[in-house]
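Read through the structure below, which is laid out as structure tokens, and then see the notes.
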Amino acid sequence: MPTTSTDLYSNKTAMNKNNLPEIVLRKGKEESLDRFHPWVFSGAIASLPEDVEEGEVVAVIAHDGRLIGVGHYQIGSIAVRMLDFADTVIDKGFFVERLNDALRMRKALRLDRPDNNAYRLVHGEGDFLPGLIIDIYGTTAVVQAHSPGMHYCREVIALALTEMDGIEIANVYYKSETTLPFKAQLDPRNDYLIGGFDTNVATENGLQFHIDWLKGQKTGFFVDQRDNRAMLERFSAGRNVLNMFCYTGGFSVYALRGGAKRVVSVDSSAKAIALTTANVGLNFPDDTRHQAVAEDAFKYLDTMGNGEFDLIVLDPPAFAKHRTALKNALRGYQRLNYKAFEKIAPGGILFTFSCSQAVSREQFRLAVFSAAAQSRRRVRILHQLTQPADHPVSIYHPEGEYLKGLILYVE
Ligand code: SAH
């Protein structure tokens, strides 16, 4: 979107005033960009300068010479990630403006409160900053670049974070060792770009969590399950809860606050189990209702008692990281959910999720449906869940929707 105008078509006659390298599209390939889809696929390109470098800001030009906008160039099937649909200069001012837009929205959602200081500030395309993820934990911002272009902008982004209106950012930790394309050979170091110290404890809906951005998965915490954890709390009173794939124990802590009778957290990683135990201890010291088990999910579900749990959470890692793995992923979801349907107590509630972008909402629901039919239980859908509002989906980029969940009542 143009940053300075509400008229999306105001750039119809714009020129490449900033003399950026020009990427010219094949005839007709501007159509999806004219609908503000933020990606240029390599097959859409008619010509590009020989000396254009990966990560550079380029001007995207239609076949008829019209400037469409500017974006980050990358070698691969997505060749350009659009930053704006105008002849915009990509500098610190651009990032300050986009970050302030993002922060204003989070503040409107009331995510920045004394009892909640963990939230996603920038969700890539959903915040019109393709290739960039930023999570906030109190006064610390954890920045993840998914494109070489954003990697080269990291210092400017860090400075822009400290110049936002209405928030003090003291630490900026850059964590892109595993998120940048390996082939780009950028050799990114995980390190502080600004500051370097924080208490490591963040607050979500009044609950405390140790956030290990140095060694933890992703940015250290899965903020995307916040609303779904709050939903679980409402179903927890008096129930025996199994939190499968617990990682930091988020769902477990909410279940304990919701009055669960017993909570068992399971994860195959010993580190995750230690983190869960620490987080439960932070909020409910010496609470004998909780137990954490380092065990493979499928094994645990096979050996646990029939009817032992009447509230089960299944929040596995992405089974399909790419489209090629789709078939196996769907089989995996079916197998996992079947095991839960087989064992859950009558009147039980199942929270089941998929965070694979390659798996559609319909495909996931079909996998769960197949599992339910196989178990011959009577199953009803109570709620359909998705990612929270601080992980917005640009209406022009439906691919941004990734988290899918169902709350099921099992008789
Ligand atoms: N529910 C968590 C996020 C889950 S992330 C939250 O709300 O924050 C996925 C977790 O699954 C990771 O911690 C990983 O260690 C664990 N995991 C991966 N494969 C597993 C398996 N086969 N059995 C049990 N846990 C597994």
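For the chain, the share of accessible area belonging to carbon and sulfur comes to 52 percent (1.4 Å probe, ligands and nucleic acids excluded).
Accessible-area rank, largest first, for Ser268, Ser356: Ser268, Ser356, with all protein chains present and a 1.4 angstrom probe.
Protein heavy-atom accessible surface, 1.4 Å probe, per residue over segment 117-196: 39 Å². Distance from the Cα centroid of segment 189-205 to that of segment 72-94 is 28 Å (rounded to whole angstrom). What is segment 140-256 by shape, rounded, prolate or oblate, if you read a ≥ b ≥ c off the alpha carbon gyration tensor as root eigenvalues and call it rounded for a/c under 1.5, prolate for a/b larger than b/c, and oblate otherwise? Prolate. Assigning unit charges at the beta carbon (Lys, Arg +1; Asp, Glu -1) and nothing else, what dipole magnitude in debye, to the nearest 20, does the chain show about its Cα centre? The dipole magnitude comes to about 1840 debye. Packing around the peptides 327-337, 310-320, 288-298, taken as the average count of other Cβ atoms within 10 Å per residue, puts them in this order, highest first: 310-320, 327-337, 288-298. Rolling a 1.4 Å probe across all protein chains gives Asp165 an accessible area of roughly 100 Å². Projected onto the charge dipole of the chain (+1 at Lys/Arg Cβ, -1 at Asp/Glu Cβ, origin at the Cα centre), which of Val368, Gly124, Met244 gives the Cα projection farthest towards the positive end? Of the options given, the answer is Val368.
To the nearest 10, the accessible area of Asp187 is 110 Å² with a 1.4 Å probe.
Calculated mean residue ellipticity at 222 nm for the chain: -8000 deg cm²/dmol, from DSSP H runs with n ≥ 4 weighted as -39500 (n - 2.57), summed, divided by the residue count and rounded to 500.
For the chain, what class follows from the C-alpha gyration tensor (a ≥ b ≥ c being the square roots of its eigenvalues): rounded when a/c is under 1.5, otherwise prolate if a/b is larger than b/c, else oblate? It comes out prolate by the Cα gyration axes. Is the shape of segment 324-411 best called rounded, prolate or oblate, per the rule: a/c under 1.5 gives rounded, else a/b larger than b/c gives prolate, else oblate, with a ≥ b ≥ c the square roots of the Cα gyration tensor eigenvalues? Here segment 324-411 falls in the oblate category.
The values are calculated or read from the model by the stated rules, or taken from the named source; none is laboratory data. None of the values given here were measured: they were computed from a predicted structure. No Cβ is skipped: glycine too gets one built from the backbone with ideal geometry, and neighbour counts run over all protein chains shown. Accessible surface is based on the protein model in full, side chains and every heavy atom, while ligands, DNA and RNA are left aside. Shrake-Rupley method; radii C 1.70, N 1.55, O 1.52, S 1.80 Å.
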